[in-house]
């Protein structure tokens, strides 16, 4: 009689009146994709809500909710009991829902909130709330009603069917992945860059990542760590491509031919140039970095001016005004933090000058760079880049 | 693939793998069970105990099985200190022990024991004169490893045993023999150690199996609480297939010890001579000439050890580094530090460790690759 359904709510999509269909369809498609291997599900949309119905007996609702919490565009989800819109049935099922709740939590007080979308239903919302509330009190003498500060709220939504639930679980918010174009993330393995990628992905952008690998100065474990970070990110981003670009030769050439204090800045410019070429091959419209003003020598405003000049694509820096602890909090929220802090310190620190230029000049940089065979080195790195689909 | 990392772990002998698989499948009984199927497992266990005891000329009664070298060392150090705490709190050790020992000693220090370190010289040797001087009436434990895992230095444990027993017969002498077993003769009738620790996987046996030699009459407090297996010394269901695999590996390894060592010396000498020929000014041999042939510590100038390690792995040559490449201090191994190896060398320390199956050709290839690495990656 009553069946369990997941109710999915979205908010921001309302704002996009003309594109609304496109956003909704994309969100439904993304939900289907994320729940794909969990069993036979039906995803439908009605009156600005999405319902996920599970047809398998042993469908793992908890896992489904965990996955939906990471789908951008979803504001919140609830596991709801759906029953036919018939008053006696609603009352009986309210008792069932409450019995389940108080068996799991130490709840003492409650209230009932009703929304009546189906105006043909003979009772109005306050009447339903009052009457169902009284029925619950009669069945559970240990509970009392508290309208100001209840331990739980029983929500009843009367529509073509009626939905009963108590928990509203906040989800990822943002916009559905795939509605915002594509961008290319420079991913290092530290704390910042995965967060930067996540923030842009949250706006509906499909994100690919580029990692610069310098064996033997960076270890195989550092590469594994970056792959792991992409796996965590892709739970939010609906999959991603990771490009692993061999960078040792370029680094050694810069080290041999350019002044020490400009090593980092010239290296950063090469990374930007290679990422831009990868982006352009993929129809990506921007680069993403995890830079924040003043965090390290290569992230002063002067340094960023010099690195930015290496490319023509826009460079998105969503962390630009954030403090480290703010970034750490997001990293913990999205699940990348514990992997980011794994101690595979690589020997790239060998390429960091003791006193890197904090106020590099573009003119000098271009001059120092001119001794390098840029075209040939970048072409070789591009050719040897490895693509990993995650 | 060239595997020069045999002090980290070894590839088990094929017959060991086969035996462990066969016994896991066929003789899965618990030796503590009262029924005849359990008694069959017990028989295999006792036969293995006898075989292993024979390899070190000990009484089977003196063998206690553990989950590996680390557990045996923890048990030896913590268990004997606990058992003897009424006789004193003073413990002597070398500073170049394995972390299993050093960390156990730290725990004891925090509990109020007095842990004193003996010094080592530039080659890593202890001074037995110093040991004699530092031994006190209230010294309850002396802890010395037989072979150091990073340099291969062989400590004079036999002499140390005589000094300890002459100076204070009540002092327990623990010898970590994890790197020595199967590579040097060990004779418990001559060696005056009360407790010794051993591991199976360093001699082509299975992982997760070790043993402790506990001389009859030596007091020790168990560190595992439970069903009282191994004569109350070590609780936990006994890993019969693993122990049988250990015995199988030990009998073979000890049996062919001399032949393996002759072969290993050839490989080691070849690697040293090739390196000396190709880059005489850029290497420093840290291991003593009279150390264990299977362990060779070499420092390279101007390239960090982690860079060398990762560059070697690109050619499928596997070694260990004596230091981690990081901006952090204290990344250099405690052994290299205790030996006072000067800074430009200590940063580039590599440990090559051989087994009987390595060849001179492998040593030559390795030296060639190292030459390329030194030419390419010197910054």
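Just so you know, all these numbers are worked out from the coordinates, no wet-lab data involved. Given the structure is predicted, the values throughout are model-derived calculations rather than measurements. Glycine gets a Cβ as well: all are built from the backbone with ideal geometry, and neighbour counts include every protein chain shown.
Annotations
- Estimated from the Cβ-Cβ distance and a Förster radius of 25 angstrom, the FRET efficiency linking residue A:48 and residue A:282 is about 0.15.
- Radius of gyration (Cα atoms) of region B:27-181, expressed as a multiple of 2.2 N^0.38 Å: 1.19.
- Degrees between helix A:87-104 axis and first principal axis of chain A (Cα, 0 to 90, nearest 10): 50
- Put simply, the convex hull of the Cα atoms in region A:1-92 casts, on average, a shadow of 6.5 nm².
- Our analysis of region A:182-389 gives Rg over Rh at 0.93, with the two radii drawn from alpha carbon positions and Rh computed by the Kirkwood formula.
- Kirkwood-type radius of region B:1-95, with distances r between different C-alpha atoms, in Å: 16.9
- Computed from Cα atoms, the angle from the helix A:220-237 axis to the main principal axis of chain A rounds to 40 degrees.
- Divided by 2.2 N^0.38 Å, where N counts the residues, the Cα radius of gyration of region A:164-298 comes to 1.19.
- When the alpha carbon gyration tensor of chain A is reduced to an equivalent ellipsoid, the three semi-axes, largest first, read 54, 20, 18 Å.
- Here the mean projected area of the convex hull built on the C-alpha positions of region B:214-261 is 4.9 nm².
- Over region B:175-271, volume per residue of the alpha carbon convex hull, in Å³: 119
- A helix-only calculation puts the protein assembly as shown at -12000 deg cm²/dmol for mean residue ellipticity at 222 nm, using -39500 (n - 2.57) for each DSSP H run of at least four residues, averaged over all residues.
- Global geometry of chain B, whether rounded, prolate or oblate, following the gyration tensor of its Cα atoms and the 1.5 cut on a/c: oblate
- Spin-label model, residue A:224/residue A:379: points 7 Å from Cα along the beta carbon direction are separated by 3.7 nm.
- Given R0 = 35 Å, the distance between the Cβ atoms of residue A:366 and residue B:103 translates into a calculated FRET efficiency of 0.05.
- For chain B, a Gaussian network of Cα nodes joined below 10 Å ranks B:368, B:183, B:123 by mean-square fluctuation, and the top entry is B:368.
- Applying Stokes-Einstein at 25 °C and 0.890 mPa s to the Kirkwood radius of region A:3-170, computed over alpha-carbon pairs, gives a translational diffusion coefficient of 144 µm² s⁻¹.
- A:148, A:202 arranged by Cβ crowding within 10 Å, fewest neighbours leading: A:148, A:202
- The tail of the calculated P(r) for region B:256-377, taken as Cα-Cα distances beyond 18 Å, holds 49 percent of the pairs.
- Between residue B:372 and residue A:95, the simple label model (points 7 Å from Cα in the Cβ direction) yields a spacing of 8.1 nm.
- Degrees, to the nearest 10: B:305-314 long Cα axis against longest axis of chain B: 90
- Extension reserve of the residue B:190-residue B:138 stretch, reckoned as 0.36 nm per residue once the Cα distance is removed: 16.2 nm
- Inter-centroid distance (Cα atoms) of region B:70-127 relative to region B:239-316, Å: 27
- Along its principal axes, the protein assembly as shown has C-alpha extents of 101, 80, 47 angstrom, given from the largest down.
- Here region A:219-250 and region A:12-74 have alpha carbon centers that stand 28 Å from each other.
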